[in-house]
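Engineer: The structure that follows is given in the form of structure tokens.
The numbers here are math on the coordinates, done by the rules we state, and not lab data. Keep in mind that what you see is a predicted model, and the values were worked out from it rather than measured. Quick reminder, even Gly has a Cβ in these numbers, built from the backbone with ideal geometry, and neighbours come from all protein chains shown.
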Amino acid sequence: MNSPDTDSLDVVRHYHTRTKHHPQRYAASLGYLDWATQPDPFRRFDGAPTIALPHPPLRAAPSYDSLFAAPPVPAPLDADTVGRLLYHSLALSAWKQVAPGQAWSLRINPSSGALHPTEGYVISGPVPGLIDAPGVFHYAPYTHTLERRAALTEAQWAVLTAGLPHPCLLMGLSSIHWREAWKYGERAYRYCQHDVGHAIGAIAFAARTLGWQARVIDTIADADLARLLGTDRQAGPEAEQADCLILLTPAGMPVIDPDAKAWQARIPALDLLGSPSRLSHDHHPWPIIDTVAAAAATPGPAPDTPSAEPCLDTGPDRGHSAEQLIRQRRSAVDMDGESPLARADFYRLLARTLPGAFPAAALPGPPRVSLALMVHRVTDLTPGFYLLVRDPAHEASLRASLSGEFVWETPEGCPADLPLFRLIADDTRRAAQTVSCQQAIASDGAFAVGLLAEFDAALAAGGARAYPRLFRETGLVGQVLYLEAEATGLRGTGIGCFFDDLMHTLMGITDTTWQSLYHFTLGGPVDDDRLQTLPPYAHLDRE
């Protein structure tokens, strides 16, 4: 008889194989958009008391580039800090409108297909000027408010945070799989986990602007996190899946994660306030998503401490306001096929994806993702296939797994501490478009990238629960690429539709030692003049 761990691993491996796109067969979905059942992108908890958050004005400082050198002086834990943290991580960033009555919202944290499956929670003690008593709060981005889901006593808050640095906040993230499955069917679980990774990255950047740090606590079991967030009481297709818990403290404070049994004993029984709003009047079932989510929630070993050394960031400060870049981030819908990226900017953005320092340090455990790049238009850099080996421990495995025809040469002008290799010089535009479900946006940018995950080793070390964490790591890297694109005057976009095994064939991968989990492209955007951009919270003034 198989052990539960083996059964769970079989489930996630089966799901991963089943949900691969192929040129002759895409992963199962409806194949059309059922507008009658389109989910509401905003969850509310009807009847829950609300707390209005401040809408902070943009600050010129800190600069975006300075975030990678050192954090600013930590801000005090007050209303402005909490308001800015959420305003620059999970809030609305704008509305897009085709015509009156035909508008949709954009958020600071990117989302596959703008479907926004990620929900955010704040678990906090008293905050001067904002929160008078400890509690568990749901963040409502439509109104930029906190909804109190449960009250905690001072004693319960003290037990919950015993041994953690103070002051601190806890943030929880959950996913409503139905929001993604409505459009993408069975592949939706993958996209939800990408979005969680982007949200972790967005929170890490927002915290850094305040002189705070964000770190995922991976010692808490999914079932215990669900009890803390109150999502364990939900059922049905609109139920939230508890994903991760993030500890926020002033930068530089040591983080010691309590063990799993300690978390189990810390979480009090909650008397929940409010009831979750209905998102759709009907649903199409995708049972395999519930199956893989349950398998991935199986308790597993805690990850080891990351061993990678941080890469020194020595580029000049370009003077961009960090808050401005964060709020202006958008996903490109088309690219011009002309705009180049300067080689120095290319090397700098790759260095900022490396583990061991901000923002990758938000994730516990060893890095599992390296970057396969298809370079089209980087000034003074030969087009071709490149590889960024994000951790030295990856190199031997990648050399063994990738095509024997690759040359592994150091590119011209590459910094000595950047582990970038040119695999082969070639025109990669056609390959980039073909593997990205024939989307021209992958060939019309400066470069495209496939994020390769150390698949077998991660599952062997972490069990089935490592599966969603691989996607979250790709999402966090994608968030860095999004902001770096804005800093260079270009724009990025995540690509979830790609032909998995065709990408593997391009790289010479013949097994599941490495798997491509997410694609991304960056270049000169082409704006749609038919769309009008509206301020993020103008609707509150109208209401």
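Engineer: Can you give the net charge of the other residues whose Cβ lies under 11 Å from the Cβ of Pro72, counting K and R as +1 and D and E as -1?
Structural biologist: Taking every Cβ under 11 Å from that of Pro72, the sum is +2.
Engineer: What list of ³J(HN,Hα) values in whole Hz, one per residue of region 333-345 in order, does the Karplus curve 6.51 cos²θ - 1.76 cosθ + 1.60 (θ = phi - 60°) give from phi, with Gly and Pro shown as x?
Structural biologist: Result, ordered by residue: 9, 7, 10, 7, x, 10, 5, x, 10, 5, 4, 4, 5 Hz.
Engineer: Select from Pro415, Phe471, Val375 the residue farthest towards the positive end of the dipole of region 322-523; place +1 on Cβ of Lys and Arg, -1 on Cβ of Asp and Glu, and compute about the Cα centre.
Structural biologist: Phe471
Engineer: Place a +1 charge on the Cβ of each Lys and Arg in the chain and a -1 charge on the Cβ of each Asp and Glu, then give the dipole magnitude about the Cα centre in debye, rounded to the nearest 20.
Structural biologist: 520 debye
Engineer: Would you tally the net charge around Phe455, using a Cβ to Cβ cut-off of less than 10 Å, leaving Phe455 out, and scoring K and R as +1, D and E as -1?
Structural biologist: -1
Engineer: Convert each backbone phi in region 289-300 into a coupling constant with the Karplus relation 6.51 cos²θ - 1.76 cosθ + 1.60 (shift: θ = phi - 60°), then list the ³J(HN,Hα) values in order as whole Hz, x for Gly and Pro.
Structural biologist: The phi angles translate into 5, 4, 5, 6, 5, 5, 5, 6, 8, 5, x, x Hz.
Engineer: Further, regarding this structure: With a ≥ b ≥ c the root eigenvalues of the C-alpha gyration tensor of the chain, is it rounded (a/c under 1.5), prolate (a/b larger than b/c) or oblate?
Structural biologist: rounded
Engineer: What do you get for the angle between helix 188-209 and the principal long axis of the chain? Use alpha-carbon atoms, 0 to 90 degrees, nearest ten.
Structural biologist: Tilt of helix 188-209: around 80 degrees.
Engineer: Could you give the nm distance between label points at Asp426 and Arg278, where each point is 7 Å from its Cα heading toward the beta carbon?
Structural biologist: 5.4 nm
Engineer: Right, something else. Once you have the Cα-Cα distance between Val73 and Asp317, take 0.36 nm times their residue separation minus that, and quote the gain in nm to one decimal. Spell out each step's value before the answer.
Structural biologist: Values: separation 244, 0.36 × 244 = 87.84 nm, distance 1.82 nm.
Contour length minus Cα-Cα distance gives 86.0 nm.
Engineer: Please give the net charge around Leu30, taking every other residue with its beta carbon less than 13 angstrom from that of Leu30, where Lys and Arg add +1 and Asp and Glu add -1.
Structural biologist: Result for the neighbourhood of Leu30: -2.
Engineer: Within 10 Å of each residue's Cβ, count the other Cβ atoms and sort Leu540, Leu452, Leu506 from fewest upward.
Structural biologist: In increasing order of surrounding Cβ atoms, one gets Leu540, Leu506, Leu452.
Engineer: What order do you get for Arg329, Arg13 when you list them from fewest to most C-beta neighbours inside 10 Å?
Structural biologist: Sorted ascending by nearby Cβ count, the order is Arg13, Arg329.
Engineer: Something else: By a straight-distance test (C-alpha under 15 Å), which aspartates and glutamates pair with Lys261 as possible cross-link partners, with residues fewer than eight away in the same chain excluded?
Structural biologist: Result set, ordered by chain and number: Asp218, Asp222, Asp224.
Engineer: I'd like to know how region 3-74 sits against the 2.2 N^0.38 Å rule of thumb: what's its Cα Rg over that expected value?
Structural biologist: Ratio of Rg to 2.2 N^0.38 Å for region 3-74: 2.08.
Engineer: What is the distance in Å between the Cα centres of region 70-137 and region 522-536?
Structural biologist: Spelled out, the Cα-based centre of one part sits 22 Å from the other.
Engineer: I need the calculated FRET efficiency for the pair Asp529 and His55, taking r as the beta carbon distance and R₀ as 25 Å, to the nearest 0.05.
Structural biologist: Working: r = 29 Å, r/R0 = 1.16.
Efficiency, rounded to the nearest 0.05: 0.30.
Engineer: Does region 322-523 come out rounded, prolate or oblate by the C-alpha gyration tensor, with a ≥ b ≥ c the root eigenvalues, rounded set by a/c under 1.5 and, if not, prolate when a/b is larger than b/c and oblate if not? Please list the in-between numbers first.
Structural biologist: Working: a/c = 1.36, a/b = 1.17, b/c = 1.17.
Since a/c stays below 1.5, the shape of region 322-523 is classed as rounded.
Engineer: Another one. Starting from one equal scatterer on each C-alpha and no solvent at all, send me the Debye-based log10 I(q)/I(0) for region 379-467 at q = 0.21, 0.25 Å⁻¹, two decimals.
Structural biologist: Values, matching the q order: -1.14, -1.29.
Engineer: Pull out the extension gain between Trp408 and Ala260, defined as 0.36 nm times the separation in residues minus the alpha carbon to alpha carbon distance; nm, one decimal.
Structural biologist: Values: separation 148, 0.36 × 148 = 53.28 nm, distance 4.25 nm.
That pair, Trp408 and Ala260, stretches by 49.0 nm at full extension.
Engineer: Here is a further query. Can you bin region 147-272 into rounded, prolate or oblate? Criterion: square roots of the alpha carbon gyration tensor eigenvalues sorted a ≥ b ≥ c, rounded for a/c under 1.5, prolate for a/b above b/c, oblate for the rest.
Structural biologist: oblate
Engineer: Here is a further query. Set Lys and Arg Cβ to +1 and Asp and Glu Cβ to -1, take the dipole of the chain about its Cα centre, and tell me which of Thr488, Leu398, Val333 lies farthest positive.
Structural biologist: Val333
Engineer: What order do you get for His519, His539, His22 when you list them from fewest to most C-beta neighbours inside 10 Å? Present the calculation step by step, with values, prior to reporting the outcome.
Structural biologist: Working: His519 26, His539 15, His22 11.
The order, fewest Cβ neighbours first, is His22, His539, His519.
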